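Here the structure is laid out as C-alpha cells; the discussion comes afterwards.
All of the numbers you see were taken from the coordinates with simple rules; none came from a lab. Just so we're clear, the structure is a prediction, and the values are computed from it rather than from any experiment. Note that we place each Cβ from the backbone using ideal geometry, even for glycine, and neighbour counts take in every protein chain shown.
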Amino acid sequence: MKTKVNFVRGLKGMGVVIMITYNKSRVIFDFGAPFEPLTQIYDGTVLIRNKKRVKDALLLNQAPMIDYLYSKESLDDINLKPAEENPFETAIFISHCHKDHMSEIDKVDPSIPIYFHHLGLKLKQTLETIEEEPYYREYSGFEYHEKIVVGEIEVTAFFSDHTCIGSASFLIKTPDCTIIYSGDIRFHGLEAEKAWQAVKQICKNKIDLLIVDSTTTSSSEFVYSENEIEELNLPSKEILKGMISEQNIFDDIRKQLNNHKGIAVFNLYHRDIRMLEHLIKIAKEYKRKAVFEPHTAYIINELLNIPVNVMFPDNNLTYDFYEKVKNNNNIIFKKEVIDNPSDYFVQNTYKNILELTDYDGIEGIYFHLFGEPLVKGQSHYKTMANIIDKLNWRFFSYINLYSFSHAYPNHLAYYIKKLNPITVVAVHSTNPKALNPVNAKHYLPKENVDYYLINGKLIEK
C-alpha cells in the first residue's frame, strides 16, 4: 500500500479539509466550511433545521462530501456511504477553533473521534455553554508533542502561534512518508519565539510533503520593498513594506489611549484569547477598567481563570450562564461609564452596536480589532463605520483578517526553507501560485482527487 492524499477543499480559499489514507487507516485535518462573507447562507438569520442539518450542510457545500463520516439516518437521501459501514480506522484533527477550520464537526457521527489541543477543546466546550457552538457529541484532547496512533498512521501536534488558543501544526507519519500540515501559522505574534522553536523540532524530520497555510499570498494590500531587507535583517529576498506585528498593534493602542480623556471601545473576535489577555493588561496600564459583554466575560473566566468587569447589554436577552457571570465578576452599570468615560475600556460587539448611542456627546475612540464584521465590503462593516462616524469618534480599523492572523510571505519563505520538504502544496489561499517556494517542488493539485505520495511526489491516482 501507498500513502494517499486528498485535498478535499481549501486549495482555493478557506474551509480546509485534508484527508490522508494508508491501507485501512485514515486521518482528516480540519473540518470547516468555506468562508464567503458576502454570500454566506448561514448568516445568522437563516434557521438551521436540526433533524436535517447534515443533509442541508452537504447539499449547500458547507460540510465536505466524504464517505463513512455521517450516520445513515442523518444522510437521508444523500449518496454517501454511512459511518455504520466504515472500513477505516479514522480520526479527525482540528488545528484550532476558528470556524473555517471546525464549523462542520458537529455533523460527524460520534463513532469517529475528533481531536483538539486541550486548550482548544476547553474553548470549544465554553462556546457550547454560551450557545455559540452547537453540542451534539463528545471530543478528545491532545497535548503538544503527544503522539496519537490511528491504525498505521502517527500524528504529533506542535505549537503554532495563531491568534486562537490551542492552535497546532501536525507531523503525520505513515509507513512510507512524512507529511507536515502547518495549520494556520504566523511568526509575528508575541509568542513567535516559541513558534520558531517548534519549527526547529519539526526540522529534525525528513519531510516529503508540506501542506502550508498561504493566506497572505492572496492579499492585495501588500507592497514589496527591497530597501528594508538589510535594515530588518530578515532571511528573505524581499520584505513586506508596512509589515505589522502583534506588538505593533498593542503599541498603537497604547499610543491612542495616551492622554485620551473620553471613552475607549474595542471590538475583537472573542475566540482570540491571547488578545483578550493583553487588552486587559493595557487597560490597567492606562488606569482604565476593561469591561466585557457577558459572553466574552464567561470565556475569560473559563480560559484565563480571572474575574473581570461585566456590563450587560440592554437587549432583554438572557442565558443560563448569566447567573454564573453575575456571581463571578464585577458588574458595571452604564451610568458609571457615562459619568466617568475616561476610566473605562469597553468591549462592544456588532450585534450590540446600538449600545454606543448612549455615549453620544462623549469623546470616543473605537478600535476594530478583527471582530465581526470581518470584511470591509460587507454591509455590516459599512453600518458599523457609519455609526462611529455619526458619534464623531475616531475610528481605528487595523489590517484585515487575512494578514494579521497568518504568516507573512517573507516568513513563509523562511519557514519552507527551514523545513526543506521535497514538495509543497499551498492551502487557505485564493492565489496559491504566488507562494513560489525556492527550495521545494511547488505542486498545484486539484481538489477532491486522490494522489499517491511516492518519494515526495504527488501522483494522481
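Do the sum for the chain: with -39,500 (n - 2.57) for every DSSP H run of n ≥ 4, divided by all residues, what is the mean residue ellipticity at 222 nm, to the nearest 500 deg cm²/dmol?
Helices in the chain give a 222 nm mean residue ellipticity of -7000 deg cm²/dmol.
Using only Cα atoms and rounding to the nearest 10 degrees, what angle (0 to 90) does helix 294-304 make with the longest principal axis of the chain?
Roughly 60 degrees, rounded to the nearest 10.
Could you please rank K261, K4, placing first whichever residue has the fewest other Cβ atoms within 10 Å of its Cβ?
K261, K4
Rounded to the nearest 0.05, what FRET efficiency do T45 and F333 give with R0 = 25 Å and r taken as the Cβ-Cβ distance? Could you check?
0.20
Any chance you could check the Cα centroid distance between the range 97-151 and the range 308-369 for me, in angstrom?
31
For a quick check: sort S342, S182 by the number of other beta carbons within 10 angstrom, fewest at the front.
S342, S182
Which angle between 0 and 90 degrees, to the nearest 10, do you get for helix 409-419 versus the longest principal axis of the chain when only C-alpha atoms count?
40
Could you give the size of the charge dipole of the range 246-398 about its Cα centre, using +1 on the Cβ of each K and R and -1 on the Cβ of each D and E, expressed in debye and rounded to the nearest 20?
For the range 246-398, the charge dipole is close to 260 debye.
So which lysines can K289 reach, going by Cα to Cα under 18 Å and dropping same-chain residues fewer than 8 places off?
Leaving aside lysines fewer than 8 places away in the same chain, those within reach of K289 are K255, K261, K281, K326, K334, K335.
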